[in-house]
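Contents: one structure, followed by commentary.
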Amino acid sequence: MHRFALFIAAFLSFHCVASAQVAGKHGPDDLLITKGGTPLATIVVGSDAGRWEKQAAADLQKYIAQMSGVRLELVDQPEVIAALLKSDKPAIVVGRMAIQAQPALQSALEAVVKKEPVLRGDAVAIKRVGNRLFLAGTNDESHYFAASWLLQQWGCRWYFAGEFGECIPSQPALSIGTLDFAYAPPFEVRHYWLSWNADSTGAEEFQRRNFMSSVKLAGMGHALGQYTAKLIPPGKSMFNVALSDDATAEEVARRIEPEYAKGVEGISLAIEDGNYVSESASDRELQAGLNDKYALQPSNTDAMIALYNKVGKLLRLKYPASRTRLGGMAYANVTLPPQKITALESNVVMWLAPIDIDPNHGMDDPISPPRQEYKEMLFRWAQLTHGRLAIYDYDQGQLVWRDLPNPSHFVFAQDVRNYAKAGILGIGTESRGATATTFLNLFFRGQLMWNPEVDVAALLDEFFPKFYGPAAVPMSAYWRAIFDAWQQTLATEHEYFVAPMIYTPELVNFLKAKLEDARSAIAPIKSSAAREQKLYVDRLHFTELSFEVIDSYMAMQRAVSSLDFKAAVSQGERGLAARELLTTMSPAFTTYKNIGEQGAAWWPGEVQQYRTLMALTDGSRGTLLTKLPLEWAFRRDPHDTGLARGWAYKPADLSAWNAQGKSLTADLRKDWPDQWEMLRSDLYIQGQGIRHADSQSYTGHFWYQTEVDTSESQCRGSVHAMFPGLFNDCWLYLNGELIGHRGYSEPWWRNDYKFEWDVDLTGKLKAGRNLITLRGFNPHHFGGMFRRPFLYRPASL
């Protein structure tokens, strides 16, 4: 009730304009900027202003006009400025001109800015003196940050790039109260880049308006391969490099020496996008037999750091005056902190890129041991680099391949405080940029990179009335339900396989009801020509199409669970059509147009897979004989004892489950004893709560078992078992006989994304009851079945 009251207060304050919107502390001597359609102040900026300094003044003029309907005069001619500043006319003075006119601003900036920054120290100062407001920063972009800060005090928000995400309140009267503010963010690096050829229209302005900068640190992009190409043994890949050998360091140093000698800001030596291996005795010694459980490869961190240190030392000694930094990347099987090498050369900086470590939970969330491990890795890397560390953050929009909402602001809000505590240089985010997937993620990243203590709940409370207007209340319920589903999920995995865990039928039905409420709320203004009201209508339409994607994709999954592939294809096509309409609204809402979706990994490929499976069951290429059960007996086998104990041929004993297990919720299943239990075949095992007792995602051997009755006619001729969605190395038994083994490359993304196993059972089934047992081994991430299997007869060719 308290949160609801705060929300209504935010809604009313947004729609009921007060006598004046005040920046600073309100008092009897507030400085009026606009009132009653009259401009009362002038904007001042130097004629030699930098790009963003000039943009700061221009945007103050633009957005004050949008808020108040009044366009302030903007002056930049020296003689006009001189005359104005000698008068007593109200003015907003921007950038270097503000520092020149009010030297106290420089002192305020120096008091808060980071001392001895590695790259650049950003800070802002905003100070009212009488009828003047002075605002400036420590550099060109920081001047703009100061202007953006002021506009945000007046209620302006930029939630997404472009007009669609721009929320500028109607404020006929604007004023400045008592105001003396100076602030510096804890991070020097604050930015994102858009991958998958995403639409970047307006991204630069959006970043500056949310306090993100252009400051870059070497090492964010893969680069090492170009320097080691000549060292690759014949027939080997670019990842086969003797990292710690002196010859490798000498070759890399030779290749980058000219640029290093010039003192360029940075040179990336970041590893290429894969796991490094070699036959080097030195590398093997540094590996020391340690394995990276995330990459399922020997840990090569020490070998890679040895390379960075050797290159750094060679060049540092030869060019001691150079300020060039060598950027490395802790990524793939170079992610674990080094174990033998405990010091990095002073000219080496690092990026930590936790690409495959649970993107769904924050570091302090007890539900996620992987993120707790990442926290320890972060602080160790920060210690070893003496803070010369940046985070390669993934707003990976893990469901971007299906364009389902994947919010992560609550994760970042938790993590960014740890980043600040670790004293690192900052964060660079890789984002898909697809608004239908990432939604508010980038807005919150900008705000939190600037101030890790920002009140996320308060920003959310004001978002809904600002963005949805009269539909704010149902849209708040709609999106908060999605946020809660993600925040409370047990899933530590990523990609579209987790969707059924999040978008349950109950959630989808709730969203549908809230959307209907929003349509009713927006109906009175649907035909309005007013800019603000048209935006409310457009934003609801965006949400309607986004829901259509959610609804159709999840309906497709339910149809697959029923083995109704015709319905699955139809729902998939409906969802793809909705996605096309989203893209027509704005190419920034999705990313697939510029990717070229080829293969089963992509949504059209998944629909095509269901067309193929439909053909195996509808008589065109095969005939469905029977659906195998949706629920199977299941047993964990972490110590690999089931093979010796005969679980392949002994019927499962479900007495313990029937007595105690049926009422267990997914979060309690981690404590299930060493007994058989029941599990669905249309969702991977961890998605149903199969975890170790310490909440780690289950790894190790596992067993499924079911019984199926078949007639004599069903057993005749060619008979196949189709497992249309199955992870891991697996062995299939029929009536106690091993029928087949399916090899599998781990991690899961090394496969064809169909994840099918078609097993020939011809001559093996018997009339009557058959015992089917599936054994599997999961070393990491997803385990078991995630699409319901069936028996079919292939058509005669």
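The values are calculated or read from the model by the stated rules, or taken from the named source; none is laboratory data. In this text, all values refer to a predicted model and were calculated from it rather than measured experimentally. Because the Cβ atoms are built from the backbone with ideal geometry, glycine has one as well, and the counts that use them run over all protein chains shown. Areas reflect the complete protein model, heavy atoms only, side chains present, ligands, DNA and RNA absent. Shrake-Rupley method; radii C 1.70, N 1.55, O 1.52, S 1.80 Å.
So, residue 336, is that one at pLDDT 95 or above, open to solvent by 40 Å² or more (accessible area, probe 1.4 Å) and assigned to a loop (DSSP other than H, G, I, E, B) or not? Taking the combined requirement at face value, the residue satisfies it. Only residues that are touching a strand residue (DSSP E or B) at 6+ places or on another chain (Cβ under 8 Å) and in a helix (DSSP H, G or I) were counted across the range 285-317, and they come to 9. You will find that of 141, 110, the residue that is over 25 Å from residue 175 (Cβ atoms), crowded, with 22+ Cβ neighbours inside 10 Å, at pLDDT 95 or above and acidic (Asp, Glu) is 141 and no other.
For residue 554, the stated conditions do not hold, so it cannot be described as open to solvent by 30 Å² or more (accessible area, probe 1.4 Å) and under 22 Å from the mean Cα position of the chain (by Cα). Filtering the range 221-236 to residues that are among the hydrophobic types (A, V, I, L, M, F, W, C) and either in a loop (DSSP other than H, G, I, E, B) or in contact (Cβ under 8 Å) with a residue 12 or more places away in the chain (or both) leaves 223, 224, 231, 232. Please specify each residue of the range 655-688 satisfying the condition of being more than 24 Å from residue 727 (Cβ to Cβ), open to solvent by 30 Å² or more (accessible area, probe 1.4 Å) and among the hydrophobic types (A, V, I, L, M, F, W, C). Within the range 655-688, 659 is the sole residue that qualifies.
Residues considered: 53, 79. Of these, the only one that is open to solvent by less than 60 Å² (accessible area, probe 1.4 Å) and farther than 23 Å from residue 466 by Cβ is 53.
When the range 82-105 is examined, which residues are found to be more than 21 Å from residue 177 (Cα to Cα), touching a strand residue (DSSP E or B) at 6+ places or on another chain (Cβ under 8 Å) and open to solvent by 50 Å² or more (accessible area, probe 1.4 Å)?
If the condition is that a residue be more than 21 Å from residue 177 (Cα to Cα), touching a strand residue (DSSP E or B) at 6+ places or on another chain (Cβ under 8 Å) and open to solvent by 50 Å² or more (accessible area, probe 1.4 Å), then 96 is the only one that fits.
One residue alone among 745, 711 is touching a residue at least 24 places away in the same chain (Cβ under 8 Å), surrounded by fewer than 20 Cβ atoms within 10 Å (Cβ to Cβ) and more than 21 Å from residue 636 (Cβ to Cβ), and that residue is 711. Only one entry in 763, 736 is in contact with a strand residue (DSSP E or B) (Cβ under 9 Å, 6 or more places away or on another chain) and either touching a residue at least 12 places away in the same chain (Cβ under 8 Å) or more than 27 Å from residue 273 (Cα to Cα) (or both), namely 736. Mind checking which residues of the range 358-395 are over 18 Å from residue 409 (Cα atoms), outside any helix (DSSP H, G or I) and open to solvent by 20 Å² or more (accessible area, probe 1.4 Å)? Correct list: 386, 388.
Scanning the range 410-441 for residues that are under 9 Å from the mean Cα position of the chain (by Cα), of a type outside the set (Lys, Arg) and open to solvent by 10 Å² or more (accessible area, probe 1.4 Å) turns up just one, 430.
Listed by position, the strands (runs of 3 or more DSSP E) enclosed by the range 158-220 that each have at least 1 residues that are buried (at least 22 other Cβ atoms within 10 Å of the Cβ), β-branched (Val, Ile, Thr) and in contact (Cβ under 8 Å) with a residue 12 or more places away in the chain are 174-176, 189-194.
Mind checking which residues of the range 622-636 are more than 16 Å from residue 787 (Cβ to Cβ), out of contact with any Asp or Glu (no Cβ under 9 Å at 6 or more places or on another chain) and not hydroxyl-bearing (Ser, Thr, Tyr)? Scanning the range 622-636 gives 622, 625.
Among the residues of the range 577-599, those identified as over 22 Å from the mean Cα position of the chain (by Cα), of a type in the set (A, V, I, L, M) and either surrounded by fewer than 18 Cβ atoms within 10 Å (Cβ to Cβ) or part of a loop (DSSP other than H, G, I, E, B) (or both) are 577, 581, 585.
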